[in-house]
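Please read the structure below before turning to the comments.
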Amino acid sequence: MNPMNKALQSLPNPVNANPSHDAEHTVYIAGTGGGKTSAVKFMGLVPKGSQAVFFDPYSNYSGAKFQGQMCHGTASRSQFLKALIIERKRGAAFKLAYVPPNGATSEELEFFASVVWAVGNGRASKLHVIIEELASCAETSGKLKGRAGELLRGGRQYGLVVHSVFQRGQEVPKTVTDQSSTWWIGAVNSQNDAQWLAARRGIDVSVITGLVSAKVNKTRIGEPVAHYLLVRDGIGNVKHAAFHCATGAPRALK
C-alpha cells in the first residue's frame, strides 16, 4: 500500500461534537469573470484573523496574502498534512493552501477533505475550508460521497465551515447547495443558470440576469466591478450590491 494512503486510513475522526455551532456553509456561484474568487477574498464571509485552508488547483491563493496574512501553499501531500496538523495545534490564525499536482480531480479533493475532516474540533477555533473548482472534482449532481460530502453534512458540529466555489449550480452535487445556508451569486452565463438560481432561492429571475460581471464592467467602465446578490436564510434576506474585484471596495450598482 502507498505510504500516504496508509497514513490517510489512520487519520483520526474529528472530536468534540458541538451542535451549537451555527450553519455557515457558503457557496459562490458566477460565470467566468463574475468575481467568485474575489468574493472569497473580500466579502468577509471568511473572517479576517480566521484559520483557513484552501483547495487551490489554480493557485488563486497560494503565495499571496489573504486579508493581510500570507497564504502558504504546497503541492506535497505529506507537507500539507503535517503543516495543517501543526497549525491546528498552535491555535492561532493561519492560511494554508493545498495545490493539487494532478489538478481539480475527485481523488485530489478526497485527499484534501480527508485531512481537513481529521482536524475538526467542535471546541477549537473554526476552520474555514475553501474549495475552488468543485464542479470539476465532483462528477455527479446527486449526493456528494466520501469525506468531501461529510465535510458538508457533518462538518458544522466540528467547527468546519465549507466555502464552495463553482460556475453552475446544476453541475455540483445537491449536497453542496442543500447544506449551504449562504449563497453569493454573481453574473451567470445563461438564462438557464439564472432560472435555476431563481427557483432555488426564490429570487426574481430578472434580478439575476441583470447582474453585471467584472469582465463586462472592465470593458464598459474600465474597472473590474462585479454586481452580486448575497442571499442568506430567511424570506427576503437578500443584499444586492457591487464591489471592485481588485481592491474589495464597495461600488454603486450604477
Handout entry: Checking LYS239 against (1) in contact (Cβ under 8 Å) with a residue 40 or more places away in the chain; (2) touching a Leu at 6+ places or on another chain (Cβ under 7 Å), the condition it does not meet
Key = (1)
Exercise for the section: Among what's in segment 30-66 and is of a type in the set (Val, Ile, Thr) and closer than 21 Å to PHE112 by Cβ, pick the residue that is nearest to the chain's Cα centre (by Cα). Expected result: VAL40
Handout entry: Extreme residue, surrounded by the fewest Cβ atoms within 10 Å (Cβ to Cβ), among residues of segment 22-79 that are closer than 18 Å to GLU110 by Cα and among the aromatic types (Phe, Trp, Tyr)
Key = TYR58
Exercise for the section: At least 1 residues that are in contact with a strand residue (DSSP E or B) (Cβ under 9 Å, 6 or more places away or on another chain) and within 21 Å of ALA52 (Cβ to Cβ) in each: list the helices (runs of 4 or more DSSP H) lying fully within segment 140-254 that qualify. Expected result: 146-154, 174-178
Practice task
Kindly indicate whether LYS174 is of a type outside the set (Ser, Thr, Tyr), over 17 Å from the mean Cα position of the chain (by Cα) and surrounded by fewer than 18 Cβ atoms within 10 Å (Cβ to Cβ).
Solution key: no
Practice task
Give the residues of segment 23-66 that are without any contact (Cβ under 8 Å) to a residue 40 or more places away in the chain and of a type outside the set (A, V, I, L, M), sorted by residue number.
Solution key: GLY44, LYS48, SER62, GLY63, LYS65, PHE66
Handout entry: Qualifying residue in segment 92-101 (condition: buried (at least 19 other Cβ atoms within 10 Å of the Cβ), over 16 Å from GLU132 (Cα atoms) and either of a type in the set (Asp, Glu) or touching a residue at least 60 places away in the same chain (Cβ under 8 Å) (or both))
Key = no
Completion exercise
Screening GLU110, GLU87 for residues that are out of contact with any helix residue (DSSP H, G or I) (no Cβ under 8 Å at 6 or more places or on another chain) and assigned to a helix (DSSP H, G or I) leaves only GLU87
Completion exercise
For segment 205-254, the count of residues that are among the acidic types (Asp, Glu) and either at pLDDT below 95 or within 16 Å of ALA30 (Cα to Cα) (or both) equals 1
Exercise for the section: Kindly indicate the residue of segment 139-165 that is over 22 Å from PRO47 (Cβ atoms) and under 14 Å from the mean Cα position of the chain (by Cα) and also surrounded by the most Cβ atoms within 10 Å (Cβ to Cβ) among those meeting that condition. Expected result: ALA148
Exercise for the section: Select from segment 90-107 the residues that are in contact with an Asp or Glu (Cβ under 7 Å, 6 or more places away or on another chain) and not in a strand (DSSP E or B) and write down the one among them that is nearest to SER50 (Cα to Cα). Expected result: VAL99
Exercise for the section: Being closer than 23 Å to LYS174 by Cβ and among the charged types (D, E, K, R) is the filter here, so list the residues in segment 196-232 that pass it. Expected result: ARG200, ARG201, ARG232
Exercise for the section: Being more than 18 Å from GLY33 (Cβ to Cβ) and either among the β-branched types (Val, Ile, Thr) or touching a helix residue (DSSP H, G or I) at 6+ places or on another chain (Cβ under 6 Å) (or both) narrows it down to one of VAL225, VAL176, VAL188, VAL216, so name that one. Expected result: VAL176
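The values are calculated or read from the model by the stated rules, or taken from the named source; none is laboratory data. Predicted, not measured: the structure shown is a model, and the values here were computed from it. Reconstructed Cβ throughout: ideal geometry from the backbone, glycine too, with neighbour counts over all protein chains shown.
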